[in-house]
1. Looking at (1) surrounded by fewer than 22 Cβ atoms within 10 Å (Cβ to Cβ); (2) at pLDDT 95 or above; (3) not aliphatic (A, V, I, L, M), which is the one condition that is false for B:ASN248?
2. Given A:PHE410, A:PHE418, which one is closer than 22 Å to A:ALA33 by Cβ, crowded, with 23+ Cβ neighbours inside 10 Å, hydrophobic (A, V, I, L, M, F, W, C) and in contact (Cβ under 8 Å) with a residue 12 or more places away in the chain?
3. I'd like the residue in the range B:350-362 that is charged (D, E, K, R) and part of a strand (DSSP E or B) and, out of all such residues, is farthest from the other protein chains (Cβ to nearest Cβ).
4. Please tell me if B:ALA181 is farther than 29 Å from B:GLY352 by Cα and either in contact (Cβ under 8 Å) with a residue 24 or more places away in the chain or in contact with a Phe, Trp or Tyr (Cβ under 7 Å, 6 or more places away or on another chain) (or both).
5. In a helix (DSSP H, G or I), more than 25 Å from B:THR262 (Cβ to Cβ) and either within 20 Å of the chain's Cα centre (by Cα) or not assigned by TED's automatic domain parsing to the domain that holds B:GLU158 (or both): which single residue out of B:SER400, B:SER414, B:SER425 fits that description?
6. Which is more than 14 Å from chain A (Cβ to nearest Cβ), in contact (Cβ under 8 Å) with a residue 40 or more places away in the chain and surrounded by fewer than 24 Cβ atoms within 10 Å (Cβ to Cβ), of B:LEU347, B:LEU342?
7. Among (1) touching a residue at least 24 places away in the same chain (Cβ under 8 Å); (2) closer than 30 Å to B:LEU123 by Cβ, where does B:LYS105 come up short?
8. Looking at (1) in a helix (DSSP H, G or I); (2) under 30 Å from B:GLU158 (Cβ atoms); (3) touching a residue at least 60 places away in the same chain (Cβ under 8 Å); (4) away from chain A (no Cβ under 14 Å), can you tell me which one B:GLN367 breaks?
2 protein chains.
Amino acid sequence: MRHFLFTFLLTSFFSRGQQTSDSLFIRSVYNEALSHGMSYEDLRSLCKDVGARLSGSAEAEMAVEWSFQKMKEYGFDKVYKQEIMVPHWERGTTEAAWITPDKGKMMKLNILALGGSIGTDGLLKGEIIEFSHLDELKKAKKSQVEGKIVFLNQPMNEQEINTFKAYGGCYAIRGFGAVEAAKLGAKAVLIRSLGLPVDDHPHTGSMHYEDSVPRIPAAAVSTEDAEMISEILAMKKANLSLEMDCRNYEDAPSFNVIAELTGTEDSNEIITFGGHLDSWDTGEGAHDDGAGVIHCLEALRILKTLGYKPKHTLRVVFFMNEENGNMGGKTYAKWSKEKGELQIAALESDRGGFSPRGFQCDGTEEQIKFLESLAYHFKDYELHIFEKGYGGVDIGPLKSEFDGIPLFGFAPDSQRYFDFHHAPSDIFENVNKRELELGAAAIASMIYLLDKNL
Amino acid sequence: MRHFLFTFLLTSFFSRGQQTSDSLFIRSVYNEALSHGMSYEDLRSLCKDVGARLSGSAEAEMAVEWSFQKMKEYGFDKVYKQEIMVPHWERGTTEAAWITPDKGKMMKLNILALGGSIGTDGLLKGEIIEFSHLDELKKAKKSQVEGKIVFLNQPMNEQEINTFKAYGGCYAIRGFGAVEAAKLGAKAVLIRSLGLPVDDHPHTGSMHYEDSVPRIPAAAVSTEDAEMISEILAMKKANLSLEMDCRNYEDAPSFNVIAELTGTEDSNEIITFGGHLDSWDTGEGAHDDGAGVIHCLEALRILKTLGYKPKHTLRVVFFMNEENGNMGGKTYAKWSKEKGELQIAALESDRGGFSPRGFQCDGTEEQIKFLESLAYHFKDYELHIFEKGYGGVDIGPLKSEFDGIPLFGFAPDSQRYFDFHHAPSDIFENVNKRELELGAAAIASMIYLLDKNL
């Protein structure tokens, strides 16, 4: 990152006049978001007029149209679409599963196929074998597992204060459970949903196959049903009957959708900020990541409405296909590099529309110190996390194309995120208006500070 | 507060060993709250097995029984009830109101009588006159207002980041609207609900009469209906028809409910912490203040479960009658003084069951510095507010009885509080399990630190 230390030193010693003008501008950003904000209505419309929008689906296509029109309406300097190719997986008819305890009555389970899974080709039946951790499965013998349906009942660690850490610690059962189970000859894999509450919503999400390992169907069961299955298996054997209609298609064309305010000094120097437009095909993708794209759209709208003339080009990107391929993020980074642009910073919002806590920086020590030096601007707005951390999936590929670029991740409160993540409950009604608006204001303020100080 | 500076200096220089043991203890507090916590189930039971519990009601009597039994179950050193006298107001049959625009069709409104209001003695009818601020009403002439129904349409200021400030700025329309309207000869007063979202839930709450001013009926209308009424009145005159059956009874006996862990060194030196057991008679009093009493009950349960032996007596008080009289708080403070106890600190939770942000201190500069010195214990738990501020209504009277006592207020995130406050939507389903548990853990940790360091 060019001149990073220099600009950091400069910002440390700027005048009192500058401080006051920053403080007034940030106050006007918050006032606009809270009193004349469009974020809540825009998110409502994205959730209700479009809905869930998995890459390659008709809904994703409509989401691209919705976004393009919305950005045009707001009258930004440039609005355009960037064509990309995305994976195309479909759930098909809703999946179903039943557990039948030995000599007992069958019970229907709340399940969702994992994204990318193959179907069952009719009803698939087998004895269930439970493992409480992926490592336990890895240590199992082929004779224990062969011909059975593996049930991975590894809960997220509720003792982690930041729920993303709990998610990270449990992610592998979803990502790699099918491969590990298939290596031992399992017929299918059923995982405990990656959600913190014990409730009846299954949570889907991406999973992987390996070329050298047979592909088996993979689904997630609600945490409540996971506990019930475990209780049954503690007493007796049980069989699972599973029906999944899902299938993979050829890659399909789709788009990132982009809006810009052109830089008045260095228009070829870009500050990219965004979230992902695609979502899983259940719920409405309200927190994941409707909130994130709307945060960034609203941030750009606020800066435009306040008449802010950026030094650098401020570019909002609605990335397509974060959930199952990240083709939007990968294509965007390459395209920008090939165009000869200079990406000077990037910011992502993909942790929900909750009350803002701060920002994290994936960057050098100097860049993290720079982020820390901005904290005082946000004290009155109750942001307190300004630290080393993660940027985001969509902006990640910028790092390999633009050496030294700092990536910033917006960090809202994480406590409720995994109540909704990839579940039917991720709907507009579960987003709070003020919390969403405060997120947009925090991001607009941060983009302003980045533009002024970089 | 005896020795405050001294203990503060001591805590600033304590050993690394002490730091580690504090850190381990606080971690065990959080683990107990998150993995074996009772707070969510206890709050469910209070909300569903008891429900709303206004002072003097049968439900309040059952809430006292519920609390006493629950504290007994947990096996604290002492559990007892403290008799107090409380006001007894009843809503009676549900109130109703209709607006009839000039030459238009009547429409029913979502209203709630304000607590303490007189009834209408049958259907009360009158022309509506709108004021957008209480100050505007105060400046009006008697000839404008006489014989009419005053509509106070003053919204909470959504630009305040902390929503309690917005509430404070608007409280007077509820507290004093009836008196100001009656001074000018109004027949009744209807206020815009003190809630931030525009929705159809009316929010009740306490109001006051003055002996020298005629008493008129007072009700709150939902913010959505307030906006509709205002739109109608911008175009034409309109009449309001109002029916309220509420009435005041003689004061009734009730109880504070109290549980203690006896101090092992100074059992006559008390750390009081609690919330209020009473609630308004709509919704279930889930955030206000079911969450607060359950926070404190759970904090004491956690400290007992972890085998903590306090130096001072740790006393949880479920105060009765915070909402319309504060007789619980007033009686408790006097009683403690008369018994010859020494109250060394008090803490209250009465701002909802949301994600914890920190603690405020109503105290001397030294005491506030002491609070600030505790902040680092909570960094890993995402608490960041350690500052001068408000304690709480219930513990307020301790200040006049115990000179120099520091009062601490638990400060959770405030963004959603005024969606639910005193409204039918303040129900258990709107409390998040993890957010509630983290509040209990934060309070248990703070009580531990106060006990160790005072």
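1. (2)
2. Details: A:PHE418 fails: closer than 22 Å to A:ALA33 by Cβ.
Answer to the selection: A:PHE410.
3. Start the filter on the range B:350-362 by keeping residues that are charged (D, E, K, R), which leaves B:350-351, B:357, B:362.
If we keep only those that are part of a strand (DSSP E or B) too, we end up with B:357, B:362.
On the way: B:ARG357: 7, B:ASP362: 20 Å.
Step by step, filter the range B:350-362, then rank; the result is B:ASP362.
4. Details: farther than 29 Å from B:GLY352 by Cα: yes; either in contact (Cβ under 8 Å) with a residue 24 or more places away in the chain or in contact with a Phe, Trp or Tyr (Cβ under 7 Å, 6 or more places away or on another chain) (or both): yes.
Answer is yes for this residue.
5. On the way: B:SER414 fails: in a helix (DSSP H, G or I); B:SER425 fails: in a helix (DSSP H, G or I).
After applying the criteria, what remains is B:SER400.
6. On the way: B:LEU347 fails: surrounded by fewer than 24 Cβ atoms within 10 Å (Cβ to Cβ).
On inspection, the qualifying residue turns out to be B:LEU342.
7. Here B:LYS105 clears every test but (1).
8. Every condition holds for B:GLN367 apart from (2).
The values are calculated or read from the model by the stated rules, or taken from the named source; none is laboratory data. Bear in mind the structure is a predicted one, so any value in this text is a computation, not a measurement. Positions of Cβ are backbone-derived with ideal geometry, glycine not excepted, and every protein chain shown enters the neighbour counts.
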